[in-house]
Structure formats: structure tokens, C-alpha cells
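This report refers to the structure that appears directly beneath it.
Only the coordinates and a few stated rules stand behind these numbers; no lab work does. Treat the numbers as computed from the prediction; the structure is a model and nothing was measured. Because the Cβ atoms are built from the backbone with ideal geometry, glycine has one as well, and the counts that use them run over all protein chains shown.
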Amino acid sequence: MKTLKKHGELLILFFFAFAFFFVFKYGPLYGVIIAFKDFRVVDGVWGSPWVGFEHFQEIFRNHDFYRLLKNTLLLNLYQMLFAFPAPIVLALLLNEVKSRGFQRFVQTTMYLPHFVSWVIMSGLVIYFLSPTSGIMGEISSWFGKEPVFYMGKKEYFRAIVVGSSILKDLGWGSIIYFAALTGINPELQESAIIDGANRWQRIIRINIPSILPTVSIMFILSLGGFLSANFEQIINLLNPVNYETGDVIDTYVYRVGLQQFQYSYTAAIGLFKSLVGLLLILGANLTVRKVSHGESGLW
């Protein structure tokens with residue numbers, strides 16, 4: 001009772017977080033059972049006939065699945081290579097800015113796109129890349145070149161997705177890294193300056209090693225969704241011309257599961273994605289702990 005009275009406010013905050021995850025994350029887990037059943041709405045979850053691993057076998061028999069898997073893996077690989085390091089670089093750059101006013105201005109400006117929905121953001125991207133009325137079309141005309149219809153060429157789709165992701169979430173993603181940088185002991189910087197280290201050397205020798213545990217944790221967590229794509233972004237940028245490179249597992253699940261009512265089949269795909277994500281997290285956490293000799297990792 002003494003503990004409850006002492007930490008009552010924290011327990012109240014914890015209760016709301018616990019209720020959210022219980023209701024929206026853990027509560028619906030019983031529905032995963034339909035991946036092993038031939039689910040029919042009229043029979044319900046428990047009344048539908050059991051089919052075992054039939055839907056999982058169908059996944060790997062479907063030739064379209066390998067194209068979807070390739071597109072999803074490539075998109076997430078490009079996100080890891082370009083979008084994941086971008087907030088780290090921004091945080092390192094902002095940390096070197098001496099003018100607090102300019103620093104706050106840049107932070108506020110970079111944060112704003114995060115609060116814009118993907119419906120609006122995708123519309124802006126499409127308008128920006130339009131060959132007739134977009135800025136890219138105007139720039140091409142200035143140089144006497146024929147405007148390119150970027151949204152109509154499948155080879156540009158992945159670059160557009162990664163670029164728009166960076167533009168939208170660059171500032172917001174840098175918050176946690178900037179917070180980690182502000183937690184570095186100033187005495188380390190002062191000692192390095194006295195020893196003659198320049199700004200670049202301080203970034204390499206002090207700043208980056210100090211935030212590596214944070215980077216490791218964020219990297220491990222991001223691997224959990226390696227077979228997932230930002231559905232809102234993809235569905236708003238996708239069109240029949242770029243289906244070959246832009247159609248991913250999430251958009252396929254939307255079409256087949258919700259529009260064609262194949263709930264059991266798409267539930268099996270979702271469970272497959274979750275299992276792969278779990279294995280990636282476990283493997284990445286084990287690797288990080290071995291490399292850092294147990295100093296970093298989720299547990």
C-alpha cells in the first residue's frame with residue numbers, strides 16, 4: 001500500500017498504457033487461430049472447420065507471393081540503407097549548431113511533415129513530380145529536357161517511396177538521437193578540445209560511440225517490421241503502372257483479405273510476417289549483444 005501511495009501517479013499512467021496494449025494488441029491475438037481454419041463469418045472463429053497448415057502451403061504455392069516478397073524486402077532494405085541513418089546524421093548536425101534559435105527553427109521545420117497524413121503527403125509528392133504542373137517538370141523544361149513522368153515509371157517507384165519517407169519522418173526520427181547526444185557528458189568534449197581534437201574528430205570519437213547503444217536498440221526494433229511496409233504510403237502512391245515494383249505484401253493482404261474476403265489466407269500471411277519479424281529481432285539482439293560484449297541490446 002505504501003508503494004501504491006508513493007507511485008500512484010505513475011501507476012495510473014501505466015494503467016492506460018497497459019489497457020491500450022491489452023485491448024488492441026494482446027486481446028485480438030485469439031483471432032490468429034483463423035490462419036489454421038477455413039474461416040466463414042456465419043460459422044464464427046470457433047465454428048469454422050480446421051484445415052491446419054493448408055493456408056501456409058498456399059502462400060508458398062502462390063507465384064505472386066515471391067514477387068511481393070521481393071518488392072517488400074527491397075523496399076525495406078533501401079529504407080535501412082538510406083532512411084534509417086538519415087535521422088542520425090541530422091541529429092549529429094543539429095548538435096553541432098551553436099545558435100539555439102537556428103537549431104529550434106530547423107527542428108520545428110523538420111518535425112512538421114510528420115504531422116501531415118500520408119494522403120496529403122502522397123498528393124504533394126505526386127503533384128511535385130507531375131511532368132505538366134510539378135516542379136520537377138518545370139526544372140526539366142528550364143534545361144531544355146523532356147519532362148519525365150516519374151509516377152508512371154516502375155523503376156522510380158522505390159526511390160520515390162524512400163525519398164518521401166525520409167522527407168516526412170526525418171525530423172521526428174532524429175528526436176531520440178538528439179536526446180541521446182544531449183546526454184553526453186560535457187567534460188568529454190572539453191577534454192577532447194584541450195587535447196586538440198577538432199569538431200570532426202569529436203563527432204567520430206565521442207558523439208557516435210556515445211549514441212551507438214541507442215542506435216542499436218532502434219535498429220533491432222526496426223527489424224521487427226522488415227516484412228512490413230508503410231501501407232498508407234504505398235497504397236496512396238501505387239498505380240497500375242508501377243505495380244510490378246510497388247506492390248508489396250501489405251497491399252496484397254488488403255486486396256485479397258478485405259476486398260476478396262479471404263480472411264484465413266491473409267491471416268496466415270500476417271502470422272508468417274510476425275514470425276519472421278520475431279526471428280529477426282532475436283537474431284539481431286543476439287548479434288548486437290555479442291558484438292558489444294553484452295553492453296547493448298533489448299535484453
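Given the condition farther than 17 Å from Ser165 by Cβ and free of Cβ contacts under 8 Å to residues at least 12 places away in the same chain, answer yes or no: does some residue in region 220-232 qualify? Checked against the condition, which is being farther than 17 Å from Ser165 by Cβ and free of Cβ contacts under 8 Å to residues at least 12 places away in the same chain, region 220-232 yields no hits at all.
Any idea which of Gly196, Gly246, Gly257, Gly224 is surrounded by 19 or more Cβ atoms within 10 Å (Cβ to Cβ) and out of contact with any strand residue (DSSP E or B) (no Cβ under 7 Å at 6 or more places or on another chain)? Answer to the selection: Gly246.
For region 1-53, filtering for residues that are in a helix (DSSP H, G or I) and either of a type in the set (Asp, Glu) or in contact with a His (Cβ under 7 Å, 6 or more places away or on another chain) (or both) leaves 2. Considering Ala284, Ala229, the condition of being under 30 Å from Lys154 (Cβ atoms), out of contact with any strand residue (DSSP E or B) (no Cβ under 8 Å at 6 or more places or on another chain) and buried (at least 18 other Cβ atoms within 10 Å of the Cβ) is satisfied by Ala229 alone.
Taking first residues from region 238-258 that are of a type in the set (Phe, Trp, Tyr) and partners that are surrounded by 14 or more Cβ atoms within 10 Å (Cβ to Cβ) and part of a helix (DSSP H, G or I), the Cβ contacts under 6 Å between residues at least 6 apart in sequence or on separate chains come to Tyr252/Leu68. Of all the residues in region 260-272, those that are surrounded by 20 or more Cβ atoms within 10 Å (Cβ to Cβ) and either of a type in the set (S, T, N, Q) or under 18 Å from the mean Cα position of the chain (by Cα) (or both) number 2.
Within region 126-150, residues that are surrounded by 12 or more Cβ atoms within 10 Å (Cβ to Cβ) reach partners that are charged (D, E, K, R) and not in a helix (DSSP H, G or I) with beta carbons closer than 8 Å, at six or more positions or on different chains, in the pairs Ser140/Glu146.
Can you tell me how many residues in region 89-115 are over 16 Å from Ile176 (Cα atoms), among the β-branched types (Val, Ile, Thr) and exposed (fewer than 13 other Cβ atoms within 10 Å of the Cβ)? Residues flagged as over 16 Å from Ile176 (Cα atoms), among the β-branched types (Val, Ile, Thr) and exposed (fewer than 13 other Cβ atoms within 10 Å of the Cβ) within region 89-115 amount to 1. As a summary of the residue check, Ala180 satisfies the conditions (1) surrounded by 15 or more Cβ atoms within 10 Å (Cβ to Cβ); (2) under 23 Å from Val119 (Cα atoms) except for the one numbered (2).
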